[in-house]
Structures are given as C-alpha cells and as structure tokens.
Amino acid sequence: MSKYVDRMIEQLNKTYPWEKEFLQASIEVLESLRPVMEKDSRYEEAAILERIVVPERTIMFRVPWMDDNGKYHVNHGFRVQFNSALGPYKGGLRFHPSVNLSILKFLGFEQIFKNSLTGLPMGGGKGGSDFDPRGKSSAEVMRFCQSFMSELWRHIGQDLDVPAGDIGVGGREIGFLMGQYKKLANIHQGGVLTGKGQGWGGSKMRPEATGFGVVYFAQEMLATKGDSFEGKKVAISGFGNVAWGAVRKATELGAKVVTISGPDGFVYDANGISTPEKIAYMLEMRASGRDKAQDYADKFGAEFHAGKRPWCTPVDVAIPCATQNELGLEDVKELKKNGVIAIPEASNMSTTPEAMEFLFETDILFSPGKASNAGGVATSGLEMSQNSLRFGWESDEVDQKLHTIMKNIHKSCKEAAEQFGTPGNYVNGANIAGFLRVANAMIDQGVC
Ligand code: 2IT
C-alpha cells in the first residue's frame with residue numbers, strides 16, 4: 001500500500017545507492033509511514049517526503065592538525081543540518097574512524113524524529129569526523145577539536161545549530177570545542193553546545209541521561225505486560241557513557257547486569273556489575289582511551305570472551321549501547337531462544353533490518369533507539385533552556401523531567417502504533433509520532 005512511499009523508496013535507492021546506512025534508516029521510516037500517507041493526502045500534496053529526506057544543508061570541510069611529534073594529519077569534517085521545522089538543528093558530533101557522509105546522514109535523519117518525540121523545540125542535525133581518538137594524547141585531541149571548530153564555528157549558534165557529544169565526543173572534547181568557539185566568535189554563547197561542564201553551564205544529569213532514559217522507557221514497556229526490572233538479568237553492550245548510565249539505573253531498579261563489551265570482546269560478570277566501584281571503573285576505562293573491555297575482566301576477575309558480542313548470554317533484557325547494526329539476525333534468534341523479553345535500543349539503529357523483521361514476528365518488546373535513547377537529547381534540550389534562563393535545575397529536578405519525558409515518548413509511540421493499525425510495534429509508533437509533528441510544522445511553514 002501507498003504508491004507515494006513506493007515511489008520514494010525507488011527514488012532513494014536510485015539517488016543514493018552508496019549511502020547504505022542512510023538508505024537503511026530512511027527506508028525503515030518510509031515503510032512505517034505507509035498508513036499515514038494512505039490516510040492523509042496533504043503530505044503528498046506538500047511533497048513532505050521528497051523534502052524530509054534531503055538535508056537543508058550539508059557542510060563538509062578539511063580538518064588539518066599536527067600530532068605530538070610534529071607530523072601533519074588531515075581528517076574529514078562534516079555537519080549535516082537536516083531539518084529545522086521544529087527548532088534549531090540539534091544533534092551530536094561523532095569522532096570515529098568509520099564516520100562518513102552516509103553514517104552522518106542516517107544519524108541526522110534519525111535525530112529529526114527523535115527530537116520531535118521529545119516534544120521540545122529542536123530540529124535535527126548531526127556532525128563529526130573520521131578522526132580516531134583511540135590512543136591520542138589529550139594535547140592531540142585538543143588540537144584536533146580546535147581545528148574542527150575553526151571551520152564549524154561560523155555554521156552554528158544557539159538559535160541556529162547546537163552540537164553535542166556522541167561516540168568519541170564527551171565532556172573533555174566539548175570543553176575544547178567551546179574554548180575555540182568562544183575565541184573565534186568573540187562571545188560566550190552558552191547555548192551553542194550542550195554537554196558542557198557542570199561548572200560552566202552544563203546540565204546536571206546530562207552524562208546519565210541517555211542510559212537512565214533507556215531504562216525508564218524499558219520500564220514503561222515492561223509495565224504494559226505487568227512486569228518490571230526487579231530480579232531481571234540484563235545484557236548490555238559497550239562500556240561508554242550510555243552503557244554506564246543504563247547499568248546504574250537498571251541496577252538501582254533491582255536488575256542484575258551481567259555483561260558489558262568493547263571492540264575487543266565482552267565481559268561476563270556472574271556477580272553483576274553492581275557495586276559502586278565496578279560502575280565507577282567503567283568511567284576510568286573510557287577516560288583511559290584504551291577502548292578495551294578486557295581491562296574490567298582483569299581487574300575484577302570476571303570472564304572475558306575475546307572477539308564476541310554479549311548476545312549469546314541468557315538474559316531477560318538486552319540493551320545494545322554500542323553502535324549501529326550491532327544486533328544481527330543470528331543474535332536476536334539466540335536471544336529469543338534464551339528467553340529474552342525486552343530489547344530497548346540505546347545505540348542509534350542498533351538492529352539490522354533482518355533482525356527487526358524477525359523481532360516483529362515475536363512477542364519480544366522492542367523499541368528503536370530514536371524513541372528509547374531520546375533522553376540524552378531531551379536533557380540537552382533542558383540544558384538549552386537552562387542556559388537561556390541563566391539558571392540551572394538540581395539533579396533531582398532534571399531526573400524528574402527526564403522521567404516524565406520518557407513516559408510521554410513511550411505513550412505517544414504506543415498510541416500512534418495502535419492508531420495506525422500495528423499495536424505493540426514501537427518502530428512504527430516512533431516513526432509515525434515523530435513524523436507527524438515535523439510534517440505538520442513543515443506544512444504550516446509552506447515551501448521551504
Ligand atoms: O544520538 C543522540 O541523540 C546524541 N548523540 C545526543 C545529541 C544531543 O544533542 O544531545
């Protein structure tokens with residue numbers, strides 16, 4: 001059904017055959033929108049789909065920098081300003097060797113719908129570089145950030161485009177980026193970046209927000225089946241900021257988290273990653289820049305499975321917190337066989353299309369990252385508000401607002417899925433609910 005969607009998918013495949021991740025993300029959304037297009041012809045008349053898949057603007061630039069030995073390096077810098085119907089472009093910066101235009105377009109596209117779901121006034125964007133932070137000294141990271149901002153500064157602003165962190169960009173990098181922004185723009189524009197230090201305008205709870213948010217969302221999904229995190233066994237992938245927040249909140253709610261992972265393999269801790277010392281060690285692992293999960297196993301005497309992902313572990317809840325396409329068909333089959341009941345995505349587009357198709361045929365509660373990981377950017381939105389007010393909420397106030405936002409996102413996804421004929425399908429629900437707010441704003445704003 002929906003010739004309009006068929007036509008759009010054909011056109012995308014023809015125009016961007018080499019943009020694999022962008023095609024994956026945009027086709028998933030278009031498939032969800034079929035019943036919406038069938039029901040309301042205004043979107044086709046206003047060419048909303050043709051417009052929403054093309055970024056309003058893409059900036060690509062050279063990032064030259066010098067290492068500690070005086071050697072020259074050049075990386076690619078990007079900022080994809082995808083959609084500003086709801087507010088200034090908003091989304092993270094990713095520094096990772098895999099970064100290319102396709103990956104940033106997929107992330108920017110997802111961000112439009114995610115930011116819409118938060119209910120806050122934020123458009124969608126994403127940026128970054130193929131710079132590899134692994135093994136770099138702090139001085140090298142600083143020089144890279146300064147060079148990156150030397151071009152980016154003229155394209156951003158608190159009412160224009162507000163970057164933040166993502167993989168490879170945390171508090172330290174945001175600090176270096178802000179230092180250079182201030183110098184070039186000759187203004188301390190607090191709201192131009194989010195994820196700032198909490199002593200200089202950063203929101204309390206921003207580091208925790210994505211991980212806490214995904215657990216709040218999962219809690220709502222479990223509640224639809226009269227269930228909770230109490231006594232559940234949980235597998236988490238990754239050990240960065242998002243994984244850290246998810247481990248903390250799931251543990252607080254009575255679950256036992258038994259895995260974390262890195263590019264080198266996964267850790268199985270039968271006793272649970274549950275003590276404050278173990279949880280705090282995750283931050284040390286990240287700060288070390290080594291990118292090795294094995295460090296945890298060595299320190300706490302846990303099992304380490306080199307070169308493997310944690311999805312072969314029998315658990316009740318699996319929370320992918322690492323990167324795109326980290327859950328394949330074989331992984332979800334294995335999880336299902338071992339009795340998993342919920343898979344809330346924390347990384348963006350954690351699941352391959354084949355794995356997602358498989359999950360739709362089961363009764364496993366599954367939510368897409370754009371819904372369940374929206375707590376991060378929602379708290380960035382709260383940071384923007386606090387900066388405008390020259391004011392800051394306390395941790396418990398931010399946490400409470402985050403919790404309410406996650407409950408609301410769950411409710412809008414659930415209701416949209418029901419209203420458009422696929423109850424329980426959070427992918428369709430998130431895509432439809434996210435789309436409607438953006439598309440209606442685009443209609444209101446005319447040809448632009
Ligand atoms: O994927 C994401 O939502 C983020 N990396 C956070 C974006 C933000 O602006 O806080």
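In whole Å, how far is the Cα centre of segment 396-427 from that of segment 360-384? About 9 Å separates the Cα centre of segment 396-427 from the one of segment 360-384.
In this structure, the residue pairs whose Cα-Cα separation is over 25 Å, taken from Lys308/Lys333; Lys196/Lys308; Lys20/Lys136; Lys39/Lys90; Lys105/Lys278, are Lys196/Lys308; Lys20/Lys136; Lys39/Lys90; Lys105/Lys278. Largest first, the three principal axis extents of the alpha carbons in the chain are 59, 55, 43 Å in whole numbers. A DSSP coil position with no more than 15 other Cβ atoms inside 10 Å describes the following trypsin sites (Lys or Arg not before Pro) in segment 187-242: Lys225. Across segment 95-232, the relative contact order, built from alpha-carbon pairs under 8 Å that are at least six residues apart, equals 18 percent. Compute the FRET efficiency between Thr275 and His76 as 1/(1 + (r/R0)^6), taking r as their Cβ-Cβ distance and R0 = 30 Å, and round to the nearest 0.05. The pair Thr275/His76 has a calculated efficiency of 0.10. Pop the C-beta distance of Arg290 and Arg42 into the FRET formula with R0 = 56 Å and round what comes out to the nearest 0.05. After rounding, the FRET efficiency stands at 0.60. Loop-located trypsin sites (Lys or Arg not before Pro) in segment 362-448 (DSSP state not H, G, I, E or B) with no more than 15 neighbouring Cβ atoms inside 10 Å: Arg390.
Within segment 157-239, the GluC sites (Glu not before Pro) that combine a DSSP coil assignment with at most 13 other C-beta atoms in a 10 angstrom radius are Glu230. Taking label positions 7 Å along the Cα-Cβ direction at both Ser98 and Ser385, the computed distance is 3.4 nm, reported to one decimal.
Can you list the residues of segment 116-143 with backbone N under 12 Å from a point 7 Å past the Cα of Asn440, pointing along Cα to Cβ? No residue qualifies, since no backbone N sits under 12 Å from the label point. Taking amide H as placed 1.01 Å from N in the peptide plane, Val257 has its amide H under 5 Å from the amide H of Val234, Ile273, each at least 5 places away in sequence or on another chain. Kindly list the residues of segment 135-171 that lie in the label zone of Asn186, defined by a backbone N under 17 Å from the point 7 Å along the Cα-to-C-beta vector. It comes to 153-155, nothing else. Here segment 1-93 is assigned +1 on the Cβ of each Lys and Arg and -1 on the Cβ of each Asp and Glu. Its dipole about the Cα centre then comes out at about 240 debye. With contacts taken as Cα pairs under 8 Å at a separation of at least 6 residues, segment 1-100 carries a relative contact order of 20 percent. The relative contact order of segment 240-292, computed from alpha carbon pairs under 8 Å that lie at least 6 residues apart in sequence, is 36 percent. Calculated mean residue ellipticity at 222 nm for the chain: -15000 deg cm²/dmol, from DSSP H runs with n ≥ 4 weighted as -39500 (n - 2.57), summed, divided by the residue count and rounded to 500. Each label point was placed 7 Å from the Cα along the Cα-to-Cβ direction; for Leu160 and Trp18 their separation is 2.9 nm. Beyond 13 Å, what share of the Cα-Cα pairs of segment 301-341 remains, rounded to the nearest whole percent? For segment 301-341, the fraction of Cα-Cα distances above 13 Å is 55 percent. Computed from the C-beta positions of Phe360 and Glu303, the FRET efficiency with R₀ = 30 Å rounds to 0.35. Remark on Ile319: its backbone amide H falls under 5 Å from those of Ala235, Ile236, Ser237, a criterion applied only to residues 5 or more positions apart or on other chains, H modelled at 1.01 Å from N.
Annotation: the antiparallel percentage among DSSP beta bridges lying fully within the chain is about 60. Cα centroids of segment 1-74 and segment 301-342: 29 Å apart.
Every number in this text was worked out from the coordinates using simple rules, so none of it is lab data. What you see is a predicted model; the values in this text were computed from it and never measured. Positions of Cβ are backbone-derived with ideal geometry, glycine not excepted, and every protein chain shown enters the neighbour counts.
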